[in-house]
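First up is the structure itself, then whatever we jot down about it.
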Amino acid sequence: MKALIEKRAKLMAELDAMEVELETRTAEQADVEKMQTKIAKVKEIDAQIELQKETRNLKNTKEMKVEETNMETRAMLLEGKEVELRDMTKSNVKGEQVQNGTLVTDRAKELGLKDFARIEKFNGNSIVPVQKSKMGKLVKASELTEISKKDVLVEQVDLRPEKYALLTVVSEELMNDASYDVEGLIREEGNQAIDETVESMIATTLNTAEGVVDVNQKASGVIALEDVTNLYFGLNAKYRKNAIFVVNDEHLKGLAGLVGTDGHPILVRDLVNGMQFKLMGRPVVVCEDITDMMFVDMEKAVVCGIGTNAQVKRSDDAFFTTGGVVFRTTVALDCKPAIVKAIAKLKFVG
């Protein structure tokens with residue numbers, strides 16, 4: 001805007017000079033046209049300046065509204081009122097506190113079980129029926145009598161949301177320190193806690209699922225190449241195309257030393273996601289709560305229910321004697337097995 005104002009001032013000075021000159025002589029057609037051109041340029045600059053002023057005002061208004069919303073939320077937390085923080089389950093970032101007290105985000109994050117599982121959103125405390133499987137392909141009309149023998153059962157998985165809670169204790173000194181964004185800190189803590197809880201629930205569901213495909217290990221001890229091959233092909237072909245390998249650290253160590261028939265390692269880095277591994281072309285997810293190495297179509301095998309909203313409430317009484325302020329985060333969660341035949345487990349010998 002400064003450049004426009006300077007340009008306008010220069011044009012106005014030129015117009016003033018022309019007016020002084022024309023006081024001593026008669027204006028010609030060329031003089032009139034020259035003045036009209038300069039006046040048009042001044043009007044054009046005026047329009048540009050007004051547009052920039054309007055844009056700046058709109059920006060200031062937007063920032064003021066955001067600040068008003070944040071201040072209102074903070075005020076409600078300070079008063080001990082319950083605040084609804086939406087989209088708590090959508091965040092996929094990890095917050096780390098650094099020495100200067102700012103909150104930074106760690107962009108590199110490994111994909112977890114919940115990133116592959118089927119997620120259903122809760123909005124309340126009612127039972128949510130979920131179709132367990134889809135109908136198969138159509139068959140010839142003459143084969144309709146065989147329909148009962150095909151895997152086309154339409155069952156229901158009842159997700160019954162239960163409240164899960166987390167208490168986050170913040171010192172009074174931190175609450176009184178204006179350099180800390182306490183609301184942002186609580187949001188990050190809530191996101192991480194929900195993610196970790198869902199991961200653990202999914203792992204427990206996979207570990208305890210009954211009727212899965214069991215693949216026996218070739219021999220006790222380390223994992224062999226034949227074990228990985230048998231696990232891969234032990235899963236039905238219709239589930240293999242979207243399946244992932246689920247392992248713990250011990251399984252990962254065993255896989256790291258295996259080579260294929262071409263002499264190359266079978267466990268390779270995913271070039272798209274540097275923190276991730278791939279095995280036989282499929283993603284590998286590491287989860288310490290997993291007991292058996294698995295090859296799973298997560299979207300078909302597990303259904304997770306996650307509350308659409310999380311509630312946060314503050315209390316100054318719970319940790320009064322230790323000078324702390326506690327925030328309680330609650331969210332509705334549930335996890336159930338769906339199509340157990342979409343789970344293949346490598347059963348270790350010994």
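A compact table of results
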{"quantity": "Theoretical FRET efficiency, 1/(1+(r/R0)^6), r = Cβ-Cβ of R269 and N123, R0 51 Å, to 0.05", "calculated": "0.80"}
{"quantity": "Prolate/oblate/rounded label for the stretch 259-341 (Cα gyration tensor, a/c 1.5)", "calculated": "prolate"}
{"quantity": "Mean accessible surface per residue for the stretch 1-54, computed with a 1.4 Å probe while every protein chain stays in place, in Å²", "calculated": "77 Å²"}
{"quantity": "Förster radius 35 Å - calculated FRET efficiency between E19 and E54 (Cβ-Cβ, nearest 0.05)", "calculated": "0.65"}
{"quantity": "Per-residue ³J(HN,Hα) for the stretch 295-307, Karplus 6.51 cos²θ - 1.76 cosθ + 1.60, θ = phi - 60°, Hz, x for Gly and Pro", "calculated": "10, 9, 8, 4, 5, 8, 7, 9, 10, 10, x, 10, x"}
{"quantity": "Highest to lowest packing among 284-294, 257-267, scored as the average C-beta count within 10 Å", "calculated": "284-294, 257-267"}
{"quantity": "Estimated vicinal HN-Hα couplings, Hz - the stretch 239-245 in sequence order (Karplus 6.51, -1.76, 1.60; Gly, Pro = x)", "calculated": "9, 5, 5, 10, 7, 10, 8"}
{"quantity": "Percent of C-alpha pairs per 10 Å bin, the stretch 1-54, short to long", "calculated": "23, 45, 23, 8, 0"}
{"quantity": "Förster radius 56 Å - calculated FRET efficiency between K313 and A256, Cβ distance, rounded to 0.05", "calculated": "0.75"}
{"quantity": "Projected label distance in nm at L4 and E28, using a 7 Å step from Cα toward the beta-carbon", "calculated": "3.6 nm"}
{"quantity": "Share of carbon and sulfur in the accessible heavy-atom surface of the stretch 227-350 [1.4 Å probe, %]", "calculated": "55 percent"}
{"quantity": "Binned Cα-Cα distance frequencies in the stretch 199-270 - 10 Å width, integer %", "calculated": "15, 46, 35, 4"}
{"quantity": "Entries of K7/K41; K241/K336; K114/K336 with Cα pairs more than 20 Å apart", "calculated": "K241/K336"}
{"quantity": "Apportionment of accessible area to carbon and sulfur, the stretch 1-54, percent (1.4 Å)", "calculated": "55 percent"}
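The values are calculated or read from the model by the stated rules, or taken from the named source; none is laboratory data. Given the structure is predicted, the values throughout are model-derived calculations rather than measurements. FYI the Cβ positions are ideal-geometry reconstructions off the backbone, even for glycines, and counts take in every protein chain you see. These area figures cover heavy atoms from the full protein model, side chains too; ligands, DNA and RNA do not enter into them. Shrake-Rupley method; radii C 1.70, N 1.55, O 1.52, S 1.80 Å.
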